[in-house]
Amino acid sequence: MNLFDLLRAPLVALSWPLQRRLARLIYPPGTQADDFLQPRGEPALLAADSLSWRIFGNPVAMFVGGVTAVLLELAEPRVRSGVWDHTLFREQPLLRMQRTGYAAMMTAFGARSRTEAMIRRINAGHARIAGRTPAGAPYKADDVELLTWVHATATFGFLQAYVACVRPVAAARRDAFYAENQPAARLYGVHAPPASERELEALFERMRAQLEPSAIVLEFLAIMRGVPLLPAPLRGMQALLIAAAVQNLPADIRARLGLDGAPWRVKSWQRTLLRALGRAADHLTLANLPAMLARRRLTLRPD
């Protein structure tokens, strides 16, 4: 019996507290699990047999990948000002994470008509956000360059987290992941979302000169370590998941942000533990997970 098999039983035993905690994380006020059940039979933007459904359905990959994505977003000064000055993250981090997580889940698993309506509301909100960075650079939340960066960092973060914490993904499948997320990105206003790893790396190369360290990056990490996100029996894993997110940053960007220190290193035995936890999470069939609800909507088997 390997470590993956040993972790499956505790996760099953934790199913009820996990279900309650995931509901707190995924469904912000005004939303509910039934959002993913209607209209019956209506497909999502992403195909049910896509790699995206596999990745977005894994809570470990989504947690780790989401933190990696936010770190990359906060490294860009215009995005950083837009997020920190115009959202509730500092005052109500759990609510902010709920809203972001719900939007990601709806984009992947929600019925197309509901997802498109949600994206229109998000775009309308972005159109009202504008300002200047502390250095005086102007920004608008619906700027195409910034929207492209936010989309690219999210897809990069989730894919890297799945590869690091669950299982390897072949190069062709990684390219397919970027390609299958293009239609949703265009609905959010991204004109030319990366369609492959090569295109993503080219975008990162163009953006590198604009990325910079900030005290806000460290404040974000401190908030993420302090907010009780996991059920009590798994709370000790939270710091490790956050460290894994830091390690998934490109090495040069991690160094530029000042995140090469000991608190953010992951030891080899911890990587083994993370991989076992991620693989066990790949088999979660909790009733209130959006992936499970979407399969019910489409009358598909839970697996």
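Could you list, in sequence order, all residues of segment 54-65 that are in a helix (DSSP H, G or I) and crowded, with 21+ Cβ neighbours inside 10 Å? First the steps, then the outcome.
Keep residues of segment 54-65 that are in a helix (DSSP H, G or I), which gives 54-56, 59-65.
Within segment 54-65, Ile55, Phe56, Pro59, Val60, Ala61, Met62, Phe63, Val64, Gly65 meet the criteria.
How many residues does segment 35-59 contain that are free of Cβ contacts under 8 Å to residues at least 40 places away in the same chain and under 13 Å from Leu289 (Cα atoms)? Here the count works out to 0.
One residue stands out among those in segment 222-234 that are in contact (Cβ under 8 Å) with a residue 60 or more places away in the chain and in a helix (DSSP H, G or I): the one that is surrounded by the fewest Cβ atoms within 10 Å (Cβ to Cβ), which is Ala232. Looking at the structure I just gave you, is Leu74 among the aliphatic types (A, V, I, L, M), surrounded by 17 or more Cβ atoms within 10 Å (Cβ to Cβ), part of a helix (DSSP H, G or I) and in contact with a Lys or Arg (Cβ under 6 Å, 6 or more places away or on another chain)? Yes.
The one condition from (1) touching a helix residue (DSSP H, G or I) at 6+ places or on another chain (Cβ under 9 Å); (2) part of a helix (DSSP H, G or I); (3) not basic (Lys, Arg) that Phe89 does not meet is (2). I need the full set of residues from segment 126-159 which are in a loop (DSSP other than H, G, I, E, B) and either free of Cβ contacts under 8 Å to residues at least 40 places away in the same chain or loosely packed, with under 14 Cβ neighbours inside 10 Å (or both), in order please. Answer for segment 126-159, where residues must be in a loop (DSSP other than H, G, I, E, B) and either free of Cβ contacts under 8 Å to residues at least 40 places away in the same chain or loosely packed, with under 14 Cβ neighbours inside 10 Å (or both): Ala127, Arg128, Pro134, Ala135, Gly136, Ala137.
Of all residues in segment 184-196, those that are closer than 13 Å to Val144 by Cα have Cβ atoms under 7 Å from Cβ atoms of residues that are charged (D, E, K, R) and not in a helix (DSSP H, G or I), 6 or more apart or on another chain, in Gly189/Asp142.
Rundown of residues vs (1) over 21 Å from Asp49 (Cα atoms); (2) among the β-branched types (Val, Ile, Thr), yes/no style:
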| site | (1), (2) |
| --- | --- |
| Ala103 | no, no |
| Asn123 | yes, no |
| Thr155 | no, yes |
| Gln160 | no, no |
| Ala164 | yes, no |
| Val169 | no, yes |
| Gln182 | no, no |
| Tyr188 | yes, no |
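If the condition is being over 18 Å from the mean Cα position of the chain (by Cα) and either surrounded by 14 or more Cβ atoms within 10 Å (Cβ to Cβ) or in a helix (DSSP H, G or I) (or both), then segment 261-278 contributes Ala262, Pro263, Trp264, Val266, Ser268, Trp269, Gln270, Arg271, Thr272, Leu273, Ala276.
Scanning segment 243-253 for residues that are crowded, with 21+ Cβ neighbours inside 10 Å and within 24 Å of Thr87 (Cβ to Cβ) yields Ala245, Val246, Asn248, Leu249.
Rule-based calculations on the coordinates, nothing more; no lab input. As the structure is a computational prediction, the values presented were derived from the model and not from experiment. Ideal geometry is used to build each Cβ from the backbone, glycine not excepted, and the neighbour counts take in all protein chains shown.
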